[in-house]
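Trainee: Before we start, here is the structure in question, set down as structure tokens.
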Amino acid sequence: ELKVEQNPLFLSMQEGKNYTIYCNYSTTSDRLYWYRQDPGKSLESLFVLLSNGAVKQEGRLMASLDTKARLSTLHITAAVHDLSATYFCAVVKSGAQKLVFGQGTRLTINP
Amino acid sequence: DSGVTQTPKHLITATGQRVTLRCSPRSGDLSVYWYQQSLDQGLQFLIQYYNGEERAKGNILERFSAQQFPDLHSELNLSSLELGDSALYFCASSVGASGGYPTDTQYFGPGTRLTVL
């Protein structure tokens, strides 16, 4: 059974600092997604990572994928308050279509 | 706005009742997925339909059922409701089913918050 684990689950940081969220998964996957969710809202797609070594960047967020280690990272650079949200990674098992989500990382960025 | 619509936004009902949640996918998307989000279980995949046919099943209870209609909208039916069914139910849509589209990102609707009293 495919399992996806994120850490940390809670992260409180100051504006201007850098930090990384980690996403580990247990079996071979076709692709990995990162989503953002604001409180009480829907999930917004941030990145899709398809292959080993893939790196995607959007603003202050950068995601990478190491398929050999079954690890993805979401790096936040010079955090700003607007990035406060819960971030989920989700993995699609090879040959399947359903998303298996991590527990989510609740990120709070303080002024 | 993802282009996926869900109704109703909120639903409050009593134990033992039956409700229907509705989802319209993005224009051009053939796949519809249902997910349940709760505090204790997190985000869990329930079921997927592709072009009217069931394609994959997840942790969906026997009391729950779904279908996708010829116009591609989908309904999730929840019956004999229990307190533990209270959750946020999301619908998502994507272009393909599996393997046909390399990225095939799933776009999520705004969700239906179900409260069972």
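Just so you know, all these numbers are worked out from the coordinates, no wet-lab data involved. Everything quoted here is computed from the prediction, not taken from an experiment. FYI the Cβ positions are ideal-geometry reconstructions off the backbone, even for glycines, and counts take in every protein chain you see.
Trainee: Connecting C-alpha atoms closer than 10 Å in a GNM of chain B, tell me which of B:78, B:61, B:46 has the biggest fluctuation.
Mentor: Maximum fluctuation in the GNM of chain B, among the listed residues, is at B:61.
Trainee: Follow-up question, since we're still on this one. Mind giving me the FRET efficiency for residue B:17 and residue A:5? R0 is 35 Å, r the Cβ-Cβ distance, nearest 0.05 is fine.
Mentor: Details: r = 36 Å, r/R0 = 1.03.
Once rounded, the FRET efficiency stands at 0.45.
Trainee: Pick from B:80, B:31, B:93: which residue has the top mean-square fluctuation in a GNM of chain B where Cα pairs under 10 Å get a spring?
Mentor: Highest fluctuation among the options: B:80.
Trainee: Using only the Cα atoms, work out Rg/Rh for region B:8-47, with Rh taken as the Kirkwood radius, to two decimals.
Mentor: 1.02
Trainee: Step through the residues of region A:42-55 one at a time and calculate ³J(HN,Hα) from phi using the Karplus curve (6.51 cos²θ - 1.76 cosθ + 1.60, θ = phi - 60°), rounding each to whole Hz and writing x for Gly and Pro.
Mentor: 7, 9, 10, 5, 9, 9, 10, 10, 10, 9, 4, x, 4, 9
Trainee: Now for a separate question. Compute the semi-axes of the equivalent ellipsoid of region B:13-117, taking the square root of 5 times each eigenvalue of the Cα gyration tensor, and list them largest first in whole Å. The partial results should precede the final answer.
Mentor: Values: eigenvalues 118, 38, 27 Å².
So the three semi-axes of region B:13-117 are 24, 14, 12 Å.
Trainee: Once you average over the residues of A:36-47, how many Cβ atoms of partner chains fall within 10 Å of each Cβ? Kindly include the intermediate steps, with their values, before the conclusion.
Mentor: Details: counts 0, 6, 0, 0, 4, 4, 13, 12, 3, 7, 1, 1.
Neighbouring Cβ atoms belonging to other protein chains average 4 per residue here.
Trainee: Averaged across orientations, what area in nm² does the convex hull of the alpha carbons in the protein assembly as shown project? All intermediate terms of the calculation are to be shown ahead of the outcome.
Mentor: Numbers: hull surface 48.6 nm².
Quarter of the Cα hull surface area: 12.2 nm².
Trainee: How would you rank B:85, A:66, going from fewest to most other Cβ atoms within 10 Å of each one's own Cβ? All intermediate terms of the calculation are to be shown ahead of the outcome.
Mentor: Values: B:85 21, A:66 13.
If I rank by nearby Cβ atoms, fewest first, I get A:66, B:85.
Trainee: List the pairs from A:17/A:98; A:3/A:68; A:56/B:57; A:93/B:9 whose alpha-carbon separation is above 27 Å, in the order I gave them. It would help to have the intermediate numbers written out before the result.
Mentor: Numbers: A:17/A:98 35 Å; A:3/A:68 16 Å; A:56/B:57 31 Å; A:93/B:9 31 Å.
Among A:17/A:98; A:3/A:68; A:56/B:57; A:93/B:9, the Cα-Cα distance tops 27 Å for A:17/A:98; A:56/B:57; A:93/B:9.
Trainee: Work out the length of the dipole vector of the protein assembly as shown about its Cα centre, built from +1 on the beta-carbon of each Lys and Arg and -1 on the beta-carbon of each Asp and Glu, and round it to the nearest 20 debye. Numbers along the way, then the final one.
Mentor: Values: 20 positive and 20 negative charges, 52 e Å.
Result for the protein assembly as shown is approximately 260 debye, rounded to the nearest 20.
Trainee: Please state, to two decimals, what the Cα-based radius of gyration of chain A comes to when divided by 2.2 N^0.38 Å (N = residues). Don't skip to the end; give the middle numbers.
Mentor: Details: Rg = 13.3 Å, N = 111, 2.2 N^0.38 = 13.2 Å.
Working it through for chain A, the quotient is 1.01.
Trainee: Write out the trypsin sites (Lys or Arg not before Pro) in region A:22-64 meeting two conditions: DSSP loop, and at most 10 other Cβ atoms within 10 Å of their Cβ. Numbers along the way, then the final one.
Mentor: On the way: sites: A:31, A:36, A:41, A:56, A:60; in loops: A:41, A:60.
Within region A:22-64, no trypsin sites (Lys or Arg not before Pro) qualify (loop, at most 10 other Cβ atoms within 10 Å).
Trainee: Please list, in order along region A:29-35, the HN-Hα scalar couplings obtained from phi with the Karplus expression 6.51 cos²θ - 1.76 cosθ + 1.60 (θ = phi - 60°), rounded to whole Hz, x for Gly and Pro.
Mentor: Each residue of region A:29-35 in turn: 10, 6, 6, 10, 10, 10, 10 Hz.
Trainee: First select every other residue whose beta carbon is under 12 angstrom from the beta carbon of residue B:81; then total the charges, Lys and Arg +1, Asp and Glu -1. Please list the in-between numbers first.
Mentor: On the way: positive: B:18, B:63; negative: B:82, B:85.
Within the 12 Å Cβ shell, the charges total 0.
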